[in-house]
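The values are calculated or read from the model by the stated rules, or taken from the named source; none is laboratory data. Keep in mind that what you see is a predicted model, and the values were worked out from it rather than measured. With ideal geometry, Cβ positions are generated from the backbone for all residues, glycine too; neighbour counts draw on all protein chains shown. These area figures cover heavy atoms from the full protein model, side chains too; ligands, DNA and RNA do not enter into them. Shrake-Rupley method; radii C 1.70, N 1.55, O 1.52, S 1.80 Å.
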Amino acid sequence: MDPATTTSVEVPAGSVSLRRVDAARESKEPPSISTAPNGNGHGVKPGSGDKKAFTIKKYRHVSAVHSQSRPSTLSHDATAPPSFLGFRNLMVIVLVVGNLRLVIENMQKYGNLICLTCHDFRRQDIILGFLLYILVPCHLFIAYSFEWYAAKQARVSRSQSASRGGSSSPTEDQQTKFETTWRSIRRAHLFNATLALAVHSWVVYFHIHHPLIGTITELHVIIVYMKVISYALTNRDLRHAYLHPVKGELDILPDLYTQCPYPQNITMSNLTYFWWAPTLVYQPVYPRSDNIRWVFVLKRVGELLCLSVFIWFCSAQYAAPVLWNSLDKIDHLDLVSIVERLLKLSTISLIVWLAGFFALFQSALNALAEIMRFGDRAFYDDWWNSAGLGDYWRLWNKPVYQFMKRHIFSPLIGRGWNMTSATFAVFLVSAVLHELLVGIPTKNIIGVAFMGMIIQIPLIWITRTFEKMQGPNSRLIGNCIFWVSFTILGQPFAALIYFYAWQAKYGSVAKSMAMSRASALG
């Protein structure tokens with residue numbers, strides 16, 4: 001008989017306990033359950049009754065494996081969602097192996113496409129780009145002159161009001177005078193910022209040929225444009241609170257601003273710091289770090305250089321052949337082949353975009369913030385977990401989101417606009433800026449970037465349902481919609497269209513069109 005199933009009926013009760021203790025001593029392990037013989041010959045815990053088993057060592061084949069009702073791990077009624085960490089590791093391995101195969105296939109098919117000297121950087125492009133980089137901040141300092149004059153007038157107005165012993169609460173005449181002065185200053189600021197954007201965009205469009213230099217220059221002028229707007233609007237509110245403090249506006253100003261109250265903030269050094277600070281929103285004071293960690297700066301700069309080389313390598317070796325091979329498909333409107341090109345381009349475009357995101361928001365902005373001792377480093381949040389397009393636009397680019405919310409969305413809501421109209425206005429402004437940033441350097445203002453931003457509005461409304469729903473499944477569906485629209489319908493499609501438009505205007509497509517026309521005329 002199997003000794004593992006021997007019961008206490010077959011042996012004396014005392015020997016059962018001794019045998020159990022001896023076995024425990026031999027295995028150098030204490031008994032798993034302390035038992036004592038009772039009247040019926042079974043060794044059990046005192047007071048536990050006959051339902052308790054002997055021990056695992058005594059009753060190995062009668063343990064209650066199925067002791068409660070439990071759902072399957074992947075069932076909808078599971079008590080807790082399972083962890084997919086292992087699947088994540090598997091997907092990373094599959095992604096690496098799959099792309100490694102594409103690397104080998106690319107090398108076998110095209111050879112090495114990396115050429116250090118094969119660039120199209122014209123000397124004129126470099127000189128104009130450098131000159132524009134120097135001249136663009138001049139418009140920021142022109143804005144400073146407007147604010148300096150307004151601050152001077154504000155000091156005079158406040159001293160006159162105090163000398164007359166009048167209340168700080170604005171009278172109707174004072175409010176009218178303030179609004180009249182503000183309209184003049186607003187027109188000056190708007191003309192200055194629009195002139196900067198228009199002139200520099202014209203130079204980029206007609207005189208800078210290389211798209212990369214043009215993009216960097218256009219991005220810089222758009223950043224300065226937004227900073228001028230923020231500088232003017234913020235100082236307008238600070239000036240009103242300075243002239244009429246009894247209205248209670250001073251009480252709602254952040255406590256941080258007391259370190260540099262208006263008009264003490266209207267200085268050249270204050271504006272210069274704002275120019276270099278990694279933010280688009282002006283404040284008289286920012287949270288500052290105690291010192292500069294130069295080792296941290298060097299690490300971030302190293303990351304930026306390595307990722308820049310990686311992006312250049314991926315773009316030249318992998319993205320360029322896919323784009324070149326797509327030209328004839330687009331030219332003949334072969335929809336099936338175009339979709340195949342989009343899917344093939346989606347992987348490399350996603351990798352390049354993610355590398356660019358990390359290089360800009362994690363490496364470059366953190367390095368700049370450390371040098372400027374800028375304390376608030378929340379340049380992004382976990383946008384990759386977005387349950388919809390609305391979450392994504394709020395999380396991935398915090399500097400632009402904060403600008404749009406502070407200077408466009410919130411003021412429109414304060415004026416009585418509803419959420420839908422204010423959201424549309426925000427995306428309309430963003431769409432215009434995106435079209436300028438992409439269309440001006442590529443010499444193709446075709447509206448693709450503009451419509452790409454406008455289309456986000458209905459997509460946000462569609463995915464908002466999943467953002468509000470409770471439970472992991474709703475967020476999972478919204479996150480999948482976000483990634484599909486982002487990786488397939490967004491970046492690759494825009495890249496194909498603008499590359500084709502560039503080639504149709506300056507490259508091989510333009511030459512083939514010219515040859516076709518010549519042969520047709522001949």
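Only protein heavy atoms count here; on that basis, with a 1.4 Å probe, L280 has an accessible area of about 20 Å².
Distance from the C-alpha centroid of region 451-501 to that of region 90-109: 26 Å, rounded to the whole angstrom.
Label positions at S83 and V400, each projected 7 Å from the Cα along the C-beta direction, are separated by 3.6 nm.
S308 contributes an accessible area of around 60 Å² to the protein surface, as traced by a 1.4 Å probe with all chains present. Reported to the nearest whole Å, the Cα centre-to-centre distance from region 312-364 to region 282-310 is 29. Once all protein chains are placed together, I252 keeps about 130 Å² accessible to a 1.4 angstrom probe. The H on the amide N of F374, modeled in the peptide plane, is under 5 Å from the matching H of S289, each at least 5 residues off or on a different chain.
Taking Lys and Arg as +1 and Asp and Glu as -1, the other residues whose beta-carbon sits under 13 Å from that of R293 total +2. Here the peptides 350-357, 98-105, 432-439 are ranked by packing, the mean other Cβ count within 10 Å, and the order with the highest first is 432-439, 350-357, 98-105.
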